[in-house]
Amino acid sequence: MPPAAELDHIDRAILRLIQRDASLSLAEIAKEVRLTPTPCWKRIRRMEQAGVVTGRVALVEPAAVGLDVSVFVAIETGDHSADWIDRFAATVAKMPQVLACWRLGGDVDYLLHVVVSDMAAFDAFYRRLTAEVPSLRKVTSRFAMERVKDTTALPI
């Protein structure tokens, strides 16, 4: 992956555009950054190959598909072995309710962002997680009341 210093102002402009709307056509992106389509495409392709652009997705409103409950789950574990970390990561990876999982420094070891349809669905998720992953010392769930800001766009 190229260092941020290797991304010039045109690369950054392209990234801002496609973060905001990945469905823009190549012609629209090129026009916006004042390039012709071929060099614009080459820049995008270079950033994809370098791992700067890792994918393009459609963002879906959770409530529109019945996933009204957003939960942040803080996990503290008593086991920090490589085997436990691998098992935990594999378990979380196969749970589609987990949108994001972060390993943290400090008093909490992991933070999960979980979406479910209702409390019964969260209870089922919680029971599965605690059954499949041993040595969880503490699991604390915080239920979101309102989404104030939620973006995937990095401040480039």
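Taken together, the values in this text are just the output of simple stated rules run on the coordinates, not laboratory data. Being a predicted model, the structure only gives us computed values, none of them experimental. Cβ sites come from the backbone with ideal geometry, for glycine too, and all protein chains shown count toward neighbours.
Size descriptors for region 1-65, from the alpha-carbon set: Rg then Dmax equal 13.0, 40 Å. Ordering Glu32, Glu61 by the number of other Cβ atoms within 10 Å of each residue's own Cβ, fewest first, gives Glu61, Glu32. Modelled label positions at Ser141 and Tyr126, each set 7 Å beyond Cα in the direction of Cβ, lie 0.4 nm from each other. Couplings for region 79-96, taken from phi via the Karplus curve 6.51 cos²θ - 1.76 cosθ + 1.60 with θ = phi - 60°, read 10, 10, 6, 4, 4, 5, 4, 5, 5, 4, 4, 5, 5, 5, 4, 8, 9, x Hz in order; Gly and Pro are left as x. For the pair Asp86 and Lys149, label points projected 7 Å from Cα toward Cβ lie 4.0 nm apart. Note: relative contact order over the chain, using C-alpha pairs below 8 Å and six or more positions apart, is 27 percent. Here the convex hull built on the C-alpha positions of region 55-95 has a volume of 115 cubic angstrom per residue. In terms of other Cβ atoms within 10 Å, Ile75, Ile85 run from fewest to most in the order Ile85, Ile75. Note that region 48-65 has calculated 3J(HN,Hα) couplings of 5, 5, 7, x, 6, 9, 9, x, 9, 9, 9, 8, 10, 6, x, 5, 5, 10 Hz, one per residue in order, obtained from phi through the Karplus relation 6.51 cos²θ - 1.76 cosθ + 1.60 (θ = phi - 60°); glycine and proline are x.
Just round it to a whole percent: the fraction of Cα-Cα distances in the chain exceeding 21 Å.
59 percent
Listed values for region 109-118 are Karplus-derived 3J(HN,Hα) couplings in whole Hz (6.51 cos²θ - 1.76 cosθ + 1.60, θ = phi - 60°), namely 8, 9, 10, 10, 9, 10, 10, 9, 7, 6, and x replaces Gly and Pro. If a paramagnetic tag sat 7 Å from the Cα of Arg56 along the Cα-Cβ line, which residues of region 15-35 would have the backbone N under 13 Å from that point? Residues 15, 17-30 fall inside that zone.
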